[in-house]
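Undergrad: Structure provided below as structure tokens; questions to follow.
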Amino acid sequence: MPSFSKIVIFVLVNAIGFSSIFILYPLGLVTGIISPDDPAFDALAFQRWFLTGTMMTWVVCALFSFSYFFLKGIAKRIFLWAPVVVPMTYGLSVLFLG
């Protein structure tokens, strides 16, 4: 059975990864990439494309992060931090390249 500290780290890392969605949206507003005042801005299309895509990326990575409890070495840390790094990378690439 995993120790309490491992469970807390797992939950904390996944919570940070989940909040990356809510970090990237204000970042897009501050940088001017997202402009809700623009008449061409379609909020529903943005929600489907960006928010849903980032959330689904996080869900897949959160499922992969369960292997943190079974792996050893560097792979253990890679799978643990995937829910933070991958959705953030995906979200930034969609904002700045899309």
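The values are calculated or read from the model by the stated rules, or taken from the named source; none is laboratory data. In this text the structure is predicted, and so the values were computed from the model without any measurement. Because the Cβ atoms are built from the backbone with ideal geometry, glycine has one as well, and the counts that use them run over all protein chains shown.
Undergrad: Does SER35 fit the bill of being outside any loop (DSSP other than H, G, I, E, B) and small (Gly, Ala, Ser)?
TA: So SER35 does not fit the description; no.
Undergrad: Further question on the same structure: Assuming THR52 fulfils every condition listed in (1) over 15 Å from the mean Cα position of the chain (by Cα); (2) more than 28 Å from ARG77 (Cβ to Cβ) apart from one, which condition is it?
TA: The single condition THR52 does not satisfy is (1).
Undergrad: Specify the residue that is nearest to ILE34 (Cα to Cα); the eligible residues are those in segment 52-70 that are surrounded by fewer than 16 Cβ atoms within 10 Å (Cβ to Cβ) and either at pLDDT below 90 or of a type in the set (Phe, Trp, Tyr) (or both).
TA: Checking each candidate, the answer is THR52.
Undergrad: Are there any pairs with C-beta distances below 6 angstrom linking a residue in segment 25-43 that is at pLDDT 80 or above to a residue that is outside any loop (DSSP other than H, G, I, E, B), with the two at least 6 apart or on different chains, and if so which?
TA: GLY28/LEU95; ILE33/LEU95; ILE34/GLY28
Undergrad: Which of the residues spanning segment 11-22 are aliphatic (A, V, I, L, M) and touching a residue at least 24 places away in the same chain (Cβ under 8 Å)?
TA: VAL13, ILE16, ILE21
Undergrad: Tally up the residues in segment 2-48 that are hydroxyl-bearing (Ser, Thr, Tyr) and at positive phi, please.
TA: Qualifying residue count, segment 2-48: 0.
Yes/no per residue for (1) part of a helix (DSSP H, G or I); (2) over 12 Å from the mean Cα position of the chain (by Cα); (3) closer than 24 Å to MET1 by Cα:
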{"site": "ALA15", "(1), (2), (3)": "yes, no, yes"}
{"site": "LEU27", "(1), (2), (3)": "yes, yes, no"}
{"site": "ARG48", "(1), (2), (3)": "yes, yes, no"}
{"site": "MET56", "(1), (2), (3)": "yes, no, no"}
{"site": "LEU63", "(1), (2), (3)": "yes, yes, yes"}
{"site": "VAL84", "(1), (2), (3)": "yes, no, no"}
{"site": "THR89", "(1), (2), (3)": "yes, no, no"}
